[in-house]
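The structure appears below as structure tokens.
Throughout, read-outs are computed from the coordinates displayed, never taken from laboratory work. Owing to the predicted nature of the structure, the values given are computational and were not obtained by experimental measurement. Note: ideal-geometry Cβ built from the backbone for every residue, glycine included; neighbour counts use all protein chains shown.
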Amino acid sequence: MNVKRYIAASVALFVFIFLYEWFVHGYLLMGFYQQTVHVWRSFEQMATEMPLAMGYQLALSTWTAFVFAQLFPSGGVENGIRFGLYFGVFAGILTASWYLWLPVPLALSWSWLASSVVEGLGGGLILGAIYHAQD
């Protein structure tokens, strides 16, 4: 494994995930969250958990980059998009299933699914573009 590219891919993926989720959940889906305020922690409580959230995102980024490097050692954008689609659909199905346990609108569940697929594709594109075996 090319360690320098793995680290670069992990960091780039972390930045992408952080910014993407901030935009999606902080802006695009905010209306849904305001409609279901009784389900979520307060903004102040969530703000205090931000370091932990970033830790989870960093763990997700490093693990995802590692798995990508193991499955697609040659890297490449095409492999990245394929991997991102698989990973995004998987994550989206898991996230969308929260509808079964949380009193949220079905439209929010579909939005989680769609945003996870887009996030997976974007992340896969980043991994494939940065991580490749050639020096």
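Estimated at 0.36 nm per residue, the fully extended path between ALA114 and TRP98 surpasses their Cα-Cα distance by 4.4 nm. In this simple spin-label model, placing a label point 7 Å from the Cα along the Cα-to-Cβ direction at both ARG41 and ILE7 gives a separation of 3.1 nm.
For the stretch 52-135, relative contact order (Cα pairs under 8 Å, six or more residues apart, normalised by length) works out to 44 percent. Remark: HIS132, HIS25, HIS38 ranked as HIS38, HIS25, HIS132, counting other beta-carbon atoms within 10 Å and listing the fewest first. Tilt of helix 50-71 relative to the longest C-alpha principal axis of the chain, in degrees (0 to 90, nearest 10)? Helix 50-71 sits roughly 40 degrees off the main axis of the chain. For the chain, adding -39500 (n - 2.57) for each run of n ≥ 4 DSSP H residues and dividing by the number of residues yields -24500 deg cm²/dmol at 222 nm. Helix 106-130 against the longest principal axis of the chain: what's the angle in degrees, Cα atoms only, rounded to the nearest 10? Once rounded, one gets 20 degrees. Put a dot 7 Å past the Cα of MET54, heading toward its Cβ, do the same for MET30, and the two dots end up 2.1 nm apart. With respect to the chain, whose longest principal axis is taken over its alpha-carbon atoms, helix 3-23 is tilted by about 20°. 3J(HN,Hα) along the stretch 75-86, derived from phi through the Karplus expression 6.51 cos²θ - 1.76 cosθ + 1.60 where θ = phi - 60°, amounts to x, x, 4, 4, 5, x, 5, 4, 4, x, 5, 4 Hz, with x in place of Gly and Pro.
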